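Step one of this worksheet: look at the structure below.
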Amino acid sequence: MEAEKNSEIAIFAGGCFWCTEAVFLQLEGVESVFPGYIGGKEANPTYEEVCSGYSGHAEAVKIVFDPKKINFEDLIEVFFATHDPTTINRQGADVGSQYRSEIFYTTENQMIKAKSYIENLNNQNTFGKKVVTKISSATQFFVAENYHQNYYNQNKDKSYCSYMITPKIEKVKKEFKEKLKK
């Protein structure tokens with residue numbers, strides 16, 4: 001699960017990790033995406049513990065990417081285009097700290113780029129509201145249980161997938177054509 005020699009890691013929390021995983025799997029240069037948990041106080045949290053809100057973890061994705069094919073700024077752009085970064089602890093009907101918007105940087109350069117990107121979004125009033133996405137140093141990432149891995153591709157016919165995830169995939173395919181896997 002660690003990055004290969006020529007790869008980098010980005011970690012984003014943007015609500016439901018099924019949605020976020022499905023979005024980033026579409027992108028050229030993304031080698032793998034792991035749904036999981038980060039930013040909490042318990043070791044080896046379970047989905048149930050994270051969903052309770054008491055563990056302090058966010059549902060997040062760990063993205064292993066090739067920076068020669070897609071850069072961190074491109075990933076940030078897609079991240080902000082596919083979730084609501086203006087609500088604290090909420091994405092649509094999903095409410096709780098586990099659904100917060102947060103970037104967990106793995107390098108100082110990622111921190112600088114994330115802060116600059118958010119500053120530009122706020123200066124341009126892109127969302128009509130202030131971006132509340134937190135920027136934090138990455139802590140230990142816990143990979144979610146196996147049934148969460150590649151969830152969308154294995155469950156496209158389930159109502160949550162068709163109502164919540166498919167529209168995000170369609171948006172990515174429309175707005176980021178040049179960044180899609182061939």
(message) Being without any contact (Cβ under 8 Å) to a residue 12 or more places away in the chain, surrounded by fewer than 20 Cβ atoms within 10 Å (Cβ to Cβ) and of a type in the set (S, T, N, Q): is that true of residue 109 here?
(response) no
(request) Could you tell me which numbered condition residue 140 fails, if it satisfies all but one of (1) within 17 Å of residue 9 (Cβ to Cβ); (2) buried (at least 20 other Cβ atoms within 10 Å of the Cβ); (3) out of contact with any helix residue (DSSP H, G or I) (no Cβ under 7 Å at 6 or more places or on another chain)? (result) (2)
(message) Quick check on my filter: what residues within region 36-77 are within 10 Å of residue 142 (Cβ to Cβ), in a strand (DSSP E or B) and among the small types (Gly, Ala, Ser)?
(response) 36, 60
(message) Within region 24-42, take every residue that is free of Cβ contacts under 8 Å to residues at least 60 places away in the same chain and over 24 Å from residue 182 (Cα atoms) and give me the one that is surrounded by the most Cβ atoms within 10 Å (Cβ to Cβ).
(response) 40
(message) Can you tell me which of (1) hydrophobic (A, V, I, L, M, F, W, C); (2) out of contact with any strand residue (DSSP E or B) (no Cβ under 7 Å at 6 or more places or on another chain); (3) surrounded by 23 or more Cβ atoms within 10 Å (Cβ to Cβ) is the one residue 51 doesn't meet?
(response) (3)
(request) Go through (1) touching a helix residue (DSSP H, G or I) at 6+ places or on another chain (Cβ under 9 Å); (2) surrounded by fewer than 16 Cβ atoms within 10 Å (Cβ to Cβ) and name the single condition residue 67 misses. (result) (1)
(message) Kindly evaluate residue 21 against the criterion of being buried (at least 18 other Cβ atoms within 10 Å of the Cβ), outside any strand (DSSP E or B) and of a type in the set (Asp, Glu).
(response) yes
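A short reminder: the numbers here are calculations on the coordinates, not readings from a lab. Source: prediction; values computed, not measured. Here Cβ is always computed from backbone atoms with ideal geometry, including for glycine, and neighbour counts include all displayed protein chains.
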